[in-house]
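Take a look at the structure set out below.
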Amino acid sequence: MNGLHYINAFFSDNAHWQGYDGIPTRVAEHIQYTLEALALAAAIGLPVGLVTGHTGRGGNALSLIATAGRALPTFGLLVLMTLLFGFGLVNVMTPLVVLAVPPILVTTYEAMRSVDPSPVDAARGMGMSEAGVLFQVELPAALPLILGGLRSAAIQIVSTATIAAYVSLGGLGRYIVDGLYQRNYEKVVGGATLVAVLALVTLAVFWAASRLTVSRGVRASG
Amino acid sequence: MAVDRLSLDIPDRSITVLVGPSGCGKTTTLRMINRMVEPSEGTILLDGKDIQQQSVNTLRRSMGYVIQNAGLFQHRTIVDNIATVPRMLGWGKEKARERARELMERVGLDAALAKRYPYQLSGGQQQRVGVARALAADPPVLLMDEPFSAVDPVVRKGLQDELLRIQEELGKTIVFVTHDIDEAVKIGTMVAVMRTGGRLAQFAPPAELLSSPADEFVEDFLGADRGIRRLSFFSSAGLGLLTAPVVAIDATAEQIAARDTAEAPYLLVTDLDGKPLGWSEPQDLTAGSVDKGQLLSYGRPFVAGTDSLRAALDCAVLSPTGWAVAVDAEGRVAGVVSQQTIAEAIRGAHAEGRTDSKVAG
Ligand SMILES: Nc1ncnc2c1ncn2[C@@H]1O[C@H](COP(=O)(O)OP(=O)(O)OP(=O)(O)O)[C@@H](O)[C@H]1O
Ligand SMILES: [Mg+2]
């Protein structure tokens, strides 16, 4: 019995494609958790990163918070949340968001700081408003790096969202947790494979997003 | 303190150059005019009104601003870079782009570059885009901070000539920062030499600066060849040109003999159009079979009347015979002139204290 054999067996079993524990449902759940956590993390990390990066203030405080966020053990946080608040989606979202905010925040801040200062100076000198400078000059130039930060956050969420299964929620973690419990290795390997595929899809989505949103002039000038 | 109690009266519709050693406060002074730097005390008046009285962005939109590395927006095409200020002023997209294309032509950029991105342009072209962008909303004032210092000397000269030509057409009030005294002398209507601490050492037209520097600091800053540079301000129009020592390549023996006067030890041979070919001693010329390869090079001719005495002298010094060749606008020989004659013209000009307003070259 090798891994490929497990994979083959898992995916060719018709029963795995239907019902509340079927692949489509579990994948949809997993994607839902990922998108929700990413949206929340971006809603916190992007604005704070953009504004601190634009003004250049608060960089030290920001890297402290980020380091602290990275040091928090995701699984430990999940257990703690569950002990404190019982089972529920919030308990899963919190560790995922805590996991994803630091890469988004730090890369956004650094992307904004690394924008060539001379176009920014030129923009101010020609009377562009501060919001104009941020959104029309700095953001388009910083976009490739910012997308990179979002991408690594998304990949981390995709692989970590499996923990939802520990608190009785769905997602691809179900296969892994249940499989281990049932000693059904076919299920474990199948679930892990799906997580990996989803991570690759995430990469592809971000690649496409950057083709669409990053100006050719920025992409080529590096 | 970067700039201390500087008082300058910048004339309208002309180019005022701020020049001085690095760190003397030129950039700071320039940036006070568009309030990128706020002075701790004192006022700046524009047309008699304190610039503090209008909103900072309104003020800046009424002044073009050009910086050293152009500072183009990498994510925008060339037309859209140039259209930035008109767009900020609320122009429609098409109207702003049309205006941008007009300006591309005005600053000497090929229309084919309109859809390109900044990374696809050379440094000199990018700098032209920077100038076009600053001019786009037709501001009465143009602030330029070392706009041409990052390009090679040949491109820089082209950009300077272009700026002078544009200025002739548009008549803006330009404040131009440079640390290159040659550039200051070439471009400026008025030149402000600054010393460290933003103090004014001298504020004068370039010719006056060269002929009577206010003190040792200014004199040092002007450099060793200030005398030669000053010649740029004397026209070559008054030079007595000789036409006797000039023969065409198909000259007969009699013609050659007739031209062999005591005035000049050499004869200048021209082609049938009158364009210079080279110098020769009269006895070395054989009628009907002049060998072009045997002629002495004539160096770089100067354009009679248009070029300055500096160009004429340079030409004579470069010529192996010590004689300069004057040509007309079409490049046909107008006459020849010796170093001695040029030297006399220089002495005469100095004696008169005459400076013709700026002369090309
Ligand atoms: N933002 C700033 N805050 C404080 N001091 C500054 C600032 N910018 C410049 N200075 C100082 O002010 C002085 C004048 O600087 P400025 O940039 O105006 O010089 P400059 O004449 O333009 O020099 P350069 O030819 O090198 O560009 C320098 O001593 C500089 O260190
Ligand atoms: Mg400077």
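The values are calculated or read from the model by the stated rules, or taken from the named source; none is laboratory data. A quick note: this is a predicted structure, and the numbers were derived from the prediction, not measured. With ideal geometry, Cβ positions are generated from the backbone for all residues, glycine too; neighbour counts draw on all protein chains shown. Note: accessible area is taken over every heavy atom of the protein model, side chains too, but ligands, DNA and RNA are not part of it. Shrake-Rupley method; radii C 1.70, N 1.55, O 1.52, S 1.80 Å.
Relative contact order, whole percent, for the stretch B:246-352 stands at 20, derived from Cα pairs under 8 Å and 6 or more residues apart.
DSSP bridge analysis restricted to the stretch B:216-321 gives an antiparallel fraction near 65%, rounded to the nearest 5.
Tell me the total accessible area that A and B bury against each other, 1.4 angstrom probe, in square angstrom rounded to 100. Before the final figure, lay out each step's value.
Details: alone 11780 and 17640 Å², together 27620 Å².
For chain A against chain B, roughly 1800 Å² becomes buried.
Per residue, the accessible area of the stretch B:246-352 comes to 51 Å², computed with a 1.4 Å probe over protein heavy atoms only. Carbon-plus-sulfur accessible fraction, the stretch A:22-221 (probe radius 1.4 Å, protein heavy atoms only): 69%.
222 nm [θ] for chain A, helices only, -39500 (n - 2.57) per DSSP H run of 4+, per residue, to 500?
-25500 deg cm²/dmol
Dipole of the stretch B:246-352 (Lys/Arg Cβ +1, Asp/Glu Cβ -1, origin at the Cα centre): which of B:Gly278, B:Gly348, B:Ala324 lies farthest to the positive side? It is B:Gly348.
Straight-line cross-link partners of B:Lys292 among the lysines, defined as a Cα under 29 Å from its Cα and at least 8 positions apart when in the same chain: B:Lys275.
Ordering A:Leu169, A:Ala220, A:Val90 by Cα displacement along the dipole of chain A toward the positive end leaves A:Ala220 in first place; charges were set at the Cβ atoms of Lys, Arg (+1) and Asp, Glu (-1).
Which whole-number percent is the relative contact order of chain B (Cα, under 8 Å, 6+ apart)? Provide the component values of the computation, followed by the final result.
On the way: 647 pairs, mean separation 59.7, N = 361.
That works out to 17 percent.
Within straight-line reach of B:Lys95, meaning a Cα separation under 22 Å, sit the following lysines at least 8 residues removed in sequence or on another chain: B:Lys115.
Which value, in debye to the nearest 20, describes the size of the charge dipole of the stretch B:246-352 about its Cα centre when Lys and Arg Cβ atoms bear +1, Asp and Glu Cβ atoms bear -1, and nothing else is charged? All intermediate terms of the calculation are to be shown ahead of the outcome.
Values: 7 positive and 15 negative charges, 56 e Å.
Charge dipole, the stretch B:246-352, about its Cα centre: 260 debye, nearest 20.
For chain A, the longest principal axis of the alpha carbon atoms and the long axis of helix A:139-160 meet at an angle near 20°.
Helix A:185-213 and the longest principal axis of the C-alpha atoms of chain A enclose an angle of approximately 20°.
Extent along the principal axes, Cα only, for the stretch B:15-233: 55, 42, 28 Å, with the longest axis given first. Annotation for the stretch A:180-216: trypsin sites (Lys or Arg not before Pro) lying in DSSP loop with at most 13 further Cβ atoms inside 10 Å of their Cβ are A:Arg183. Restricting the stretch B:257-360 to GluC sites (Glu not before Pro) that sit in a DSSP loop and have at most 14 other Cβ atoms within 10 Å of their own Cβ leaves B:Glu263, B:Glu330.
Per residue of peptide B:110-119, the mean number of Cβ atoms on other chains within 10 Å of the residue Cβ is 2.
For the stretch A:102-134, a drop of 30 Å² or more in accessible area on going from the chain alone to the assembled protein chains (1.4 Å probe) is found at A:Ser118, A:Pro119, A:Asp121, A:Ala122, A:Arg124, A:Gly125, A:Met126, A:Gly127, A:Met128.
Helices in chain B, meaning DSSP H runs of at least 4 residues, each add -39500 (n - 2.57). Divided by all residues, the mean residue ellipticity at 222 nm is -9500 deg cm²/dmol. The longest stretch of chain B left intact once loop-based trypsin sites (Lys or Arg not before Pro) with at most 12 other Cβ atoms within 10 Å are removed from consideration, loops following DSSP, is B:116-361.
Other chains' Cβ within 10 Å of B:227-237 residues: what's the mean?
Values: counts 0, 0, 0, 0, 0, 0, 0, 0, 0, 0, 0.
Partner-chain Cβ atoms within 10 Å, mean over residues of B:227-237: 0.
Remark: mean inter-chain Cβ contacts per residue of B:63-74 equal 6, using a 10 Å Cβ-Cβ cutoff to other protein chain atoms.
Share of antiparallel DSSP beta bridges in the protein assembly as shown, in percent to the nearest 5? Don't jump to the answer; show the numbers that get you there.
Numbers: 19 of 43 bridges.
The antiparallel fraction comes to roughly 45 percent.
Karplus-based coupling profile of the stretch B:243-254, in residue order and whole Hz: 10, 4, x, 10, 10, 7, 5, 9, 4, 7, 4, 5, with θ = phi - 60° in 6.51 cos²θ - 1.76 cosθ + 1.60 and x standing for Gly or Pro.
Largest mean-square fluctuation among B:Leu239, B:Leu231, B:Leu272, in a Gaussian network model of chain B whose springs join Cα atoms under 10 Å apart, belongs to B:Leu272.
Rounded to the nearest 20, the Cβ-based charge dipole of chain B about its Cα centre (Lys and Arg +1, Asp and Glu -1) stands at 1840 debye. Based on protein heavy atoms only, the stretch A:22-221 ends up with 45 Å² per residue of surface accessible to a 1.4 Å probe. Less than 5 angstrom separates the built amide H of B:Gly198 from those of B:Asp4, all sequence-distant by 5 or more or on a different chain. Quarter the surface of the alpha carbon convex hull of the protein assembly as shown and you get the mean projected area, 41.3 square nanometres. Between helix A:23-55 and chain A, what is the angle of the helix's C-alpha long axis to the longest principal axis, kept within 0 to 90° and rounded to the nearest 10? Taking Cα atoms only, the helix is inclined about 20 degrees.
Using a Gaussian network model of chain B with C-alpha springs under 10 Å, which one of B:Met32, B:Met63, B:Met194 is most mobile by mean-square fluctuation? Fluctuation is largest for B:Met32. Within the same chain, lysines fewer than 8 places from B:Lys49 are excluded, and of the rest, those with a Cα less than 28 Å from its Cα are B:Lys26, B:Lys172.
Dipole magnitude for the protein assembly as shown: about 2440 debye, using +1 per Lys or Arg Cβ and -1 per Asp or Glu Cβ, origin at the Cα centre. Rolling a 1.4 angstrom probe over chain B with all protein chains present gives an accessible area of which 48% lies on carbon and sulfur atoms.
Largest GNM mean-square fluctuation across B:Val191, B:Val269, B:Val56, computed for chain B with C-alpha springs under 10 Å, falls on B:Val56.
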